[in-house]
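One structure is given below, encoded as structure tokens.
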Amino acid sequence: MRKLLFSQLILALFVAAGSAWPGGVQGAVAALFGGAVAMTNTALLAWRAARMARRPTDTPHRDLRQMYFAALERFAIVAMLLAAGLGALHLEPGPLLAAFIAGQLLHMFSSLKSGFSTHVE
């Protein structure tokens, strides 16, 4: 997961640099915020996976319930962060969403490449 987080950071910096040319500093800040939201999502997933791996498995029902809770938690936090960036902070929507989507796509493709491993590096 550390490699994925680092890759998402590098990608966010590239998107921010690309957004700074037409959008100035505001575009770059929005892109960095979008990248940070994607990285937060990845970090939450890694944290929850590490917590589940450390404890003994009691019942499959409990594990499934915790996975659903973790997914709901990540969805809610991402939604709140995006709403804060677009609403309260008035960041540019294009660069913010571009960096967020790029970070999520990177996460998806790295999961496909690694075979959906939950191993925390």
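None of the figures in this text is laboratory data; all of them are computed from the coordinates on show. Just so it is clear, the structure is predicted and the values come from calculations on it, not from any experiment. Counting neighbours? That spans all protein chains shown, and the Cβs are built from the backbone with ideal geometry, glycine included.
First obtain the Kirkwood hydrodynamic radius of the range 3-55 from its Cα pairs, then insert it into the Stokes-Einstein equation at 20 °C and 1.002 mPa s, and state the resulting D in µm² per second as a whole number. So the translational diffusion coefficient is about 181 µm²/s. The H on the amide N of E92, modeled in the peptide plane, is under 5 Å from the matching H of A30, each at least 5 residues off or on a different chain.
Packing around the peptides 40-46, 80-86, 26-32, taken as the average count of other Cβ atoms within 10 Å per residue, puts them in this order, highest first: 26-32, 40-46, 80-86. Across the chain, C-alpha contacts under 8 Å between residues 6 or more apart give a mean separation that, scaled by the residue count, equals a relative contact order of 43 percent. Using only the alpha-carbon atoms of the range 34-97 as identical scatterers, what base-10 log of I(q)/I(0) does the Debye formula give at q = 0.12, 0.17, 0.25, 0.26 Å⁻¹? The Cα Debye sum returns log10 ratios of -0.40, -0.65, -1.01, -1.06. When Rg and Dmax of the Cα atoms in Å is calculated for this entry, the matching label among (i) 28.5, 90; (ii) 15.9, 54; (iii) 14.9, 54 is (ii).
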